[in-house]
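What follows is a set of notes on a single structure, which appears directly below.
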Amino acid sequence: MTDATSANVPASAPAPHKSSLLTQTALMKKRNAAESRFKAYGIAAITLSLSVLAIMLWTIFSDGVSAFKQATFSFPVTLDAEKLDPKGNRERDEMMRVTTIGYTNLLNQQLVAYLADRGISTEGVSDKDIAAFISRDTPARLRDMVLANPDILGQTIQFEGFATGRIDGYLKGRVTRDTAERDTNISVAQLDLADRMISEGILSASFNWSFLTAPDASDQRPEAAGLGVALIGSAYMMFLVVIMVLPLGVAASIYLEEFAPKNRWTDLIEVNISNLAAVPSIVYGILGLAIFINFAKFPQSSPLVGALVLTLMTLPTIIIATRAAIRAVPPSIRDAALGVGASKMQTVFHHVLPLAAPGILTGTILGLASALGETAPLLLIGMVAFVANYPAGPLDGGMLDPATALPVQVYSWASRSDPAFIERSAGAIIVLLAFLVVMNIVAILLRRKFERRW
Amino acid sequence: MSDSTQHIASAFDRDLEGIQGQIIKMGGLVEAAILDAAQSLADRDEELAEKVRAGDRAIDELEELINETAARVIALRAPTAIDLRVVLSVMKISANLERIGDYAKNMAKRTSVLVQMSPINGSHAALRRMAREVQMMLKDALDAYIHRDAELALDVIQRDRDVDQMYNALFREFLTFMMEDPRNITACMHLHFIAKNTERMGDHVTSIAEQVVYLVTGDMPEDQRPKGDNVSFTMPDMKG
Amino acid sequence: MYDAPTPETRLTQNTLKITARGVQVYYGDKQALKDVNVDILDNTVTAFIGPSGCGKSTFLRCLNRMNDTVASARVEGEIMLDGENIYDKRVDPVQLRAKVGMVFQKPNPFPKSIYDNVSYGPKIHGLTRSKAELDQVVEDSLRKAALWNEVKDRLNEAGTGLSGGQQQRLCIARAIATSPEVLLMDEPCSALDPIATAQVEELIDELRASFSVVIVTHSMQQAARVSQKTAFFHLGSLVEYGDTSHIFTNPSDPRTESYITGRIG
């Protein structure tokens with residue numbers, strides 16, 4: 001209720017503004033111009049980043065999408081019992097004596113006969129060349145099918161199998177008549193025959209599920225190569241990483257944040273954890289090689305060793321994220337809990353952790369997502385090896401069987417010569433990106449769901 | 001005491017100074033009324049008596065104003081400790097002053113009546129002395145209030161005994177006059193009431209002095225108020 | 001003007017609940033409280049008043065050893081609760097805080113349901129044996145906090161969905177659910193509007209029948225309205241402690257008088 005008299009206003013106060021509000025002063029104009037320029041820089045930077053991202057995605061997709069399609073044969077095959085089961089007793093051991101070569105001959109003869117039946121001209125193409133249409137992997141598939149189910153012997157089935165890599169390339173546009181003239185593995189006449197088979201419906205490009213399920217294949221059979229082993233290997237590793245890194249990281253963070261005394265030692269630890277997060281990942285690979293493989297003698301290129309290395313790598317990130325989440329819990333909640341008579345442990349586990357959980361979860365998922373894409377350390381522990389067999393189930397010691405991981409598979413295929421492998425490598429990148437996007441979306445959704453708790 | 005330092009809210013200081021200033025003003029008016037009433041009685045001055053009667057209105061208005069202001073200060077400032085005692089004492093003092101003013105007016109009224117009658121010798125001097133004594137007590141009480149002087153206030157309280165003695169003497173004197181000559185009775189009755197009113201004025205001044213002690217120390221004075229007035233026990237002297 | 005004997009003056013016959021002798025508190029090298037001696041009575045509301053930084057909140061937090069959570073705080077002297085020194089080495093602060101509850105300045109209900117907020121204390125201290133008993137304790141606490149009628153139909157809703165005044169009453173219910181003997185309140189009404197403040201003050205008056213209440217407040221009118229005993233702190237010392245009506249009508253110390261009447265210094 002005091003009246004402010006004019007005696008209280010200091011004599012050196014700045015002069016009141018006399019200009020009209022409706023016109024801009026020179027100072028205003030300059031500042032507005034500077035702000036507009038800054039906004040323009042920002043938009044330019046974002047546009048540049050987005051266009052680079054778009055180019056990268058376009059390149060990958062255009063290269064990799066075709067990996068999901070595969071040229072496939074479809075024609076009736078009579079499973080001649082005499083040839084495939086000479087003893088006629090349907091004994092598996094006996095039937096196994098018929099090797100892949102037997103099945104190969106069967107398929108080749110049947111294909112040639114079928115073409116003749118359908119009246120498709122095979123001009124300029126020898127029988128051997130026709131046989132070359134079929135992927136070398138396909139007879140093995142047929143054999144596996146028969147051995148699994150001997151009852152189909154003697155029947156005529158509509159068999160679907162892969163075409164060979166060059167034919168596949170022709171359907172996808174990699175192989176043209178020009179390149180065929182210089183290629184020893186394929187002739188122009190074969191391509192003409194392929195055209196005729198396509199028009200008859202024998203040869204087509206269909207969606208290739210086995211890309212995701214089949215194990216890796218040798219250089220001569222790119223069409224049979226798949227991500228099966230890589231996916232299982234990555235899945236095992238992620239599972240192991242989660243069960244190792246989460247308890248360790250969260251427990252370490254809680255101790256450092258809530259219970260440790262604040263002295264020079266804990267400061268030192270904090271600095272070192274931040275440093276560890278910045279260490280190049282290949283160093284962890286060397287560490288893993290030296291300790292887990294050379295010293296502890298764990299099996300090389302097993303998901304267990306891979307998971308151990310990735311755990312060490314992800315641990316600093318998890319610790320930092322968890323500490324930040326715990327620090328973000330307002331001290332008033334802690335005071336309230338202490339005031340009611342909760343002990344320190346009860347305060348942490350009943351109040352602080354539930355509130356920090358969304359942050360911890362987000363940090364964990366992001367840490368896992370980056371671990372999923374790590375290649376360098378896994379290369380050093382041997383996961384780049386060519387693995388053609390699935391690792392066993394998790395309870396059968398599958399963690400110790402050799403396996404590979406998605407990013408490592410990408411590296412391995414990208415370094416092979418056959419262009420079909422390059423295509424598959426791009427396809428694998430698409431799969432990897434899909435997983436990363438899903439994990440990031442899950443992280444964002446979780447964060448949004450739990451955010452406005454208090 | 002500590003009410004010499006400033007409040008952080010200066011408007012509060014202005015409010016308190018305002019009501020205290022009004023008390024002083026009212027006190028001045030009342031002192032003048034006492035002296036004028038006594039003077040008019042002594043000089044048988046009807047005009048002066050009329051002036052005293054008219055002046056009582058200003059005193060009543062001041063009392064109303066002081067009460068309003070005090071209520072506002074209590075509502076708006078929630079005074080505590082010494083500030084609370086200041087406001088409460090101001091309200092009490094203004095009530096006492098207003099009563100004193102009323103007695104002065106009553107004195108003036110009776111003076112107008114007495115002027116019509118023949119004077120009675122001897123009493124006027126005593127009455128004037130008594131009124132003068134009361135006026136001095138009032139002046140000292142108000143001084144004690146301004147200077148927050150508890151010693152002076154206690155002294156004023158003691159002096160009321162003299163006023164009471166003066167009244168006792170006057171009472172016996174009027175009894176004697178009335179017994180001597182029954183024609184004096186009307187005049188003596190009026191004079192007696194004037195004397196009684198003056199004695200009551202003294203009691204109100206004592207009350208004001210007690211408020212000053214309460215204001216300064218926080219407690220009412222411990223000693224019993226001197227009760228010199230024993231007329232209730234006086235028997236008329238029936239001897240010839 | 002005579003002070004009529006108010007019912008409060010008869011309360012000086014109450015028993016001593018907390019006695020503090022020679023309490024000194026240091027934050028690092030800085031001394032925040034010097035030589036505080038005070039007696040808190042049972043079934044009485046005691047108010048701590050004083051300017052900012054005078055140490056009243058620090059002393060309040062000594063009474064339930066919340067200062068233990070501050071690393072640099074050091075407490076010397078004796079504080080006896082029912083004759084036992086709460087700073088004795090054998091005393092577990094967790095157990096102490098079940099006996100001495102606290103309500104804070106800004107309402108801070110747990111981000112759980114109303115029922116869980118109130119039942120948390122009794123649960124962790126093992127005060128009830130069955131769910132029915134726990135339900136009863138929750139209902140009693142909410143009734144004592146004058147909140148039951150407003151929330152009885154929504155006990156499972158989040159505590160943070162209530163209004164400010166309701167949240168503070170919920171925090172009070174939470175604090176009294178452990179049947180404490182002393183209730184400490186650190187400026188409980190400073191974040192509330194006048195109506196909520198009046199409700200909480202009414203509540204405090206009712207609570208003193210069951211506990212001893214110590215309230216730190218910046219508002220002198222609130223201290224005058226709510227308490228029977230008042231302690232005035234200034235620059236880390238206890239300057240004056242006595243009956244509230246005495247302190248506010250005729251304080252003994254000139255510093256107290258200056259502070260109460262709003263004079264500078």
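The values are calculated or read from the model by the stated rules, or taken from the named source; none is laboratory data. Just so you know, these numbers come straight off a predicted model, no measurement behind them. Neighbour counts are summed over all protein chains in view; Cβ atoms, including those assigned to glycine, are modelled from backbone coordinates with ideal geometry.
Out of the residues in region C:180-197 that are aliphatic (A, V, I, L, M) and at pLDDT 90 or above, which is farthest from the chain's Cα centre (by Cα)?
The qualifying residue farthest from the chain's Cα centre (by Cα) is C:Val182.
Report whether or not B:Asp140 is part of a helix (DSSP H, G or I), of a type outside the set (A, V, I, L, M, F, W, C), at pLDDT 95 or above and surrounded by 15 or more Cβ atoms within 10 Å (Cβ to Cβ).
yes
Working only within region C:147-180, note down all residues that are under 18 Å from C:Lys99 (Cα atoms) and touching a Phe, Trp or Tyr at 6+ places or on another chain (Cβ under 6 Å).
none
Kindly list the number of the only condition in (1) touching a residue at least 60 places away in the same chain (Cβ under 8 Å); (2) crowded, with 19+ Cβ neighbours inside 10 Å; (3) over 30 Å from A:Ala324 (Cα atoms) that fails for A:Ile186.
(1)
Which count do you get for residues in region A:300-348 that are more than 14 Å from chain C (Cβ to nearest Cβ) and of a type in the set (Val, Ile, Thr)?
Total satisfying the criteria: 10.
If you go through region C:224-238, how many residues are surrounded by 19 or more Cβ atoms within 10 Å (Cβ to Cβ) and either in contact with a Gly (Cβ under 9 Å, 6 or more places away or on another chain) or without any contact (Cβ under 8 Å) to a residue 24 or more places away in the chain (or both)?
8
State whether one or more residues within region A:305-317 are among the hydroxyl-bearing types (Ser, Thr, Tyr), at pLDDT below 90 and within 18 Å of the chain's Cα centre (by Cα).
no
Just checking, does region A:193-209 include any residue being under 17 Å from the mean Cα position of the chain (by Cα) and in contact (Cβ under 8 Å) with a residue 12 or more places away in the chain?
No, because not a single residue in region A:193-209 is under 17 Å from the mean Cα position of the chain (by Cα) and in contact (Cβ under 8 Å) with a residue 12 or more places away in the chain.
If you take the residues in region C:155-169 that are crowded, with 24+ Cβ neighbours inside 10 Å and away from every other protein chain (no Cβ under 11 Å), which one is farthest from C:Arg143 (Cα to Cα)?
C:Gln168
Would you be able to say whether some residue in region A:151-163 is among the β-branched types (Val, Ile, Thr), under 28 Å from A:Ala180 (Cα atoms) and not in a loop (DSSP other than H, G, I, E, B)?
Scanning region A:151-163, I find no residue that is among the β-branched types (Val, Ile, Thr), under 28 Å from A:Ala180 (Cα atoms) and not in a loop (DSSP other than H, G, I, E, B), so the answer is no.
Quick one: in region A:324-346, which of the residues that are in contact (Cβ under 8 Å) with a residue 60 or more places away in the chain and in a helix (DSSP H, G or I) is nearest to A:Ile254 (Cα to Cα)?
Residue satisfying both the conditions and the ranking: A:Ile326.
Write out, first by first residue and then by second, each pair whose Cβ atoms fall under 6 Å of each other, whose residues are 6+ apart or on separate chains, and whose first residue, in region B:185-203, is within 28 Å of B:Ala141 (Cα to Cα) while the second is of a type in the set (Gly, Ala, Ser).
These pairs meet every condition: B:Leu191/B:Ser123; B:Thr198/B:Ala131.
Kindly indicate whether any position in region B:85-100 is touching a residue at least 40 places away in the same chain (Cβ under 8 Å), surrounded by fewer than 16 Cβ atoms within 10 Å (Cβ to Cβ) and under 22 Å from C:Gln221 (Cβ atoms).
no
Could you look through region C:202-238, keep only residues that are of a type outside the set (Ser, Thr, Tyr) and within 14 Å of chain B (Cβ to nearest Cβ), and pick out the one that is farthest from C:Gln31 (Cα to Cα)?
Ranking the qualifying residues of region C:202-238, first place goes to C:Arg225.
Could you count how many residues in region C:194-223 are of a type in the set (Gly, Ala, Ser), crowded, with 18+ Cβ neighbours inside 10 Å and either without any contact (Cβ under 8 Å) to a residue 60 or more places away in the chain or in a loop (DSSP other than H, G, I, E, B) (or both)?
1
Is region B:65-81 home to any residue that is within 20 Å of the chain's Cα centre (by Cα) and among the aliphatic types (A, V, I, L, M)?
Yes, region B:65-81 contains at least one residue that is within 20 Å of the chain's Cα centre (by Cα) and among the aliphatic types (A, V, I, L, M).
Going through A:Leu353, A:Leu372 one at a time, which residue ends up being surrounded by fewer than 21 Cβ atoms within 10 Å (Cβ to Cβ), more than 29 Å from the chain's Cα centre (by Cα) and under 30 Å from A:Tyr236 (Cβ atoms)?
Checking each option against the conditions leaves just A:Leu353.
Within region A:236-244, can one find any residue that is at pLDDT below 90, of a type outside the set (A, V, I, L, M) and either in a helix (DSSP H, G or I) or touching a Lys or Arg at 6+ places or on another chain (Cβ under 7 Å) (or both)?
Yes, because at least one residue in region A:236-244 is at pLDDT below 90, of a type outside the set (A, V, I, L, M) and either in a helix (DSSP H, G or I) or touching a Lys or Arg at 6+ places or on another chain (Cβ under 7 Å) (or both).
What's the total number of residues in region A:106-150 that are part of a helix (DSSP H, G or I) and either among the charged types (D, E, K, R) or closer than 24 Å to A:Arg166 by Cβ (or both)?
25
With the condition kept exactly as written, say whether any residue in region B:4-20 is of a type in the set (S, T, N, Q), away from chain A (no Cβ under 14 Å), farther than 27 Å from B:His124 by Cα and surrounded by fewer than 16 Cβ atoms within 10 Å (Cβ to Cβ).
yes
Can you name the condition, by its number, that C:Ala191 falls short on among (1) in a loop (DSSP other than H, G, I, E, B); (2) more than 14 Å from every other protein chain (Cβ to nearest Cβ); (3) in contact with a helix residue (DSSP H, G or I) (Cβ under 9 Å, 6 or more places away or on another chain); (4) over 23 Å from C:Arg65 (Cα atoms)?
Of (1) in a loop (DSSP other than H, G, I, E, B); (2) more than 14 Å from every other protein chain (Cβ to nearest Cβ); (3) in contact with a helix residue (DSSP H, G or I) (Cβ under 9 Å, 6 or more places away or on another chain); (4) over 23 Å from C:Arg65 (Cα atoms), only one is false for C:Ala191: (2).
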